[in-house]
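Presented below is the structure to which this report refers.
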Amino acid sequence: MKDRFLVFDLLRSLAIFIILFHHLPIYSFNFYNLKNFGIDIDLSAWNELNKHLGLSLFIFMSGYLINVKKISFLDWNTVGKFLYKRIIRIFPMYYIALICFCYIFSISEPLRIIIHIFGLQSLFFSKHLLSFPTLWFVGTILVYYFIFIIYKAEKISRIYRLLVISIFPFIVFFVSTSLHFMDYRISLYYWTFLFGIYCAESRILETTWLKKSTLIITPVFLCVFISCFVLEKNYGIDYFGVRKSYIILNILMFSFILSIYSIFNSLAKILKSSQAVQSIAYASYGMYLFHRPIWFFLKKIAQETIGINNQYILLTIEVFIGIPTIFVFAYFVQSFYERYCIQYLQNRNMS
């Protein structure tokens with residue numbers, strides 16, 4: 001944990017809390033609609049935008065951190081080592097979450113489960129093979145890893161590499177929107193992943209002009225966010241069609257990434273270090289995987305065992321008991337797995 005960048009720990013911590021509070025209404029009630037508290041304001045559209053903000057941060061960081069060492073692939077051996085490191089970090093905890101999701105959503109279709117076991121849910125997405133809620137993200141990240149491999153494959157001509165990574169999102173967009181096959185979100189979040197790779201490669205985020213432009217970037221994001229909020233609230237983000245909504249959402253996500261990065265970059269210089277932020281960032285993957293199962297079982301216990309059905313009490317339980325439980329569980333699972341399992345698997349691969 002000592003080697004983590006504080007700015008990315010802040011970004012990761014923010015991202016996971018955005019995702020948590022996006023999903024929280026499912027297990028309590030829509031607290032974004034302030035009419036539930038006697039205030040005649042409905043902020044539900046904000047929650048619809050939240051998922052794009054949180055996920056874009058996660059995906060941007062995935063692209064950045066995967067390329068921060070500027071690795072390249074010279075042969076299949078280096079590709080194999082790269083994939084092995086990613087697989088042992090992602091899949092074991094993902095499989096535990098997969099079992100939980102099968103139970104809480106009563107999923108028993110063999111083909112659907114098999115596709116998720118291999119992490120192919122985003123590529124084989126259709127109305128007959130829906131991705132599990134939340135876990136679709138893992139399948140999408142795996143697709144991005146293969147794109148990264150192509151981008152960094154030294155034996156492939158640079159022109160061909162650029163051609164592939166440029167055409168790929170448009171193919172996915174066409175197949176998903178016209179043929180209704182493959183997950184549209186692969187294309188939607190693709191550019192934030194590439195942006196992360198580019199930022200790590202060029203170190204553009206460390207340039208002086210960006211550091212000094214916080215006062216410009218943040219108001220731009222706020223204007224974009226307010227515009228998207230009004231659009232979502234009154235018409236829905238897809239009002240102008242899927243192509244224009246695609247562009248609008250990417251503008252929203254890019255402006256958010258630049259704005260929040262510039263703010264946190266300044267904040268990181270003031271904080272220097274924060275054990276709490278580092279711990280949340282460290283546990284964020286586990287929190288993402290397990291927050292739904294933990295909230296599901298907590299609500300089940302509160303309603304069926306204790307007999308609590310008051311929505312305000314349930315919200316209080318999910319926030320003040322649920323979120324700390326999610327963090328503690330994810331932190332210790334991550335710690336145990338890294339200490340005993342990852343080390344063993346890495347040593348086994350080296351022998």
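Tabulated results
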read-out: Filter result for I280 (more than 21 Å from N50 (Cβ to Cβ) and open to solvent by 20 Å² or more (accessible area, probe 1.4 Å)); value: no
read-out: Filter result for S13 (within 26 Å of W191 (Cα to Cα) and open to solvent by less than 40 Å² (accessible area, probe 1.4 Å)); value: yes
read-out: Pair list, Cβ < 6 Å and 6+ apart or interchain, from the stretch 310-327 residues that are without any contact (Cβ under 8 Å) to a residue 24 or more places away in the chain to residues that are in a helix (DSSP H, G or I) and open to solvent by less than 70 Å² (accessible area, probe 1.4 Å); value: I317/A302
read-out: Tally, over the stretch 159-181, of residues that are over 20 Å from S72 (Cα atoms) and either surrounded by 11 or more Cβ atoms within 10 Å (Cβ to Cβ) or in contact (Cβ under 8 Å) with a residue 24 or more places away in the chain (or both); value: 12
read-out: Filter result for L252 (within 30 Å of F229 (Cα to Cα) and in contact (Cβ under 8 Å) with a residue 40 or more places away in the chain); value: yes
read-out: Count of the stretch 66-89 residues which are open to solvent by less than 80 Å² (accessible area, probe 1.4 Å) and either touching a strand residue (DSSP E or B) at 6+ places or on another chain (Cβ under 8 Å) or touching a residue at least 40 places away in the same chain (Cβ under 8 Å) (or both); value: 13
read-out: Residue within the stretch 119-140 that is free of Cβ contacts under 8 Å to residues at least 24 places away in the same chain and buried (at least 18 other Cβ atoms within 10 Å of the Cβ) present; value: no
read-out: Condition check for L271: in contact with a helix residue (DSSP H, G or I) (Cβ under 8 Å, 6 or more places away or on another chain) and either surrounded by 15 or more Cβ atoms within 10 Å (Cβ to Cβ) or within 20 Å of N67 (Cβ to Cβ) (or both); value: no
read-out: Unmet requirement for Y95, which otherwise passes all of (1) open to solvent by 30 Å² or more (accessible area, probe 1.4 Å); (2) touching a Phe, Trp or Tyr at 6+ places or on another chain (Cβ under 8 Å); (3) at pLDDT 95 or above; (4) of a type outside the set (A, V, I, L, M, F, W, C); value: (2)
read-out: Qualifying residue in the stretch 78-91 (condition: farther than 22 Å from Y190 by Cβ, among the aliphatic types (A, V, I, L, M) and part of a helix (DSSP H, G or I)); value: yes
read-out: Criterion: assigned to a helix (DSSP H, G or I) and either within 11 Å of the chain's Cα centre (by Cα) or over 27 Å from I90 (Cα atoms) (or both) - qualifying residue of I26, I39, I18, I66; value: I18
read-out: Matching option when the condition is in contact (Cβ under 8 Å) with a residue 12 or more places away in the chain, small (G, A, S) and surrounded by fewer than 18 Cβ atoms within 10 Å (Cβ to Cβ), among S227, S213; value: S213
read-out: Answer residue from the stretch 143-158, given it is of a type outside the set (V, I, T) and free of Cβ contacts under 8 Å to residues at least 24 places away in the same chain and is surrounded by the most Cβ atoms within 10 Å (Cβ to Cβ) among those; value: F146
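The values are calculated or read from the model by the stated rules, or taken from the named source; none is laboratory data. Every value quoted in this text rests on a predicted model; they were computed, and no experiment measured them. Cβ: placed from backbone, ideal geometry, glycine included. Neighbour counts: every protein chain shown. The accessibility values were calculated without ligands, DNA or RNA, using every heavy atom of the protein model including side chains. Shrake-Rupley method; radii C 1.70, N 1.55, O 1.52, S 1.80 Å.
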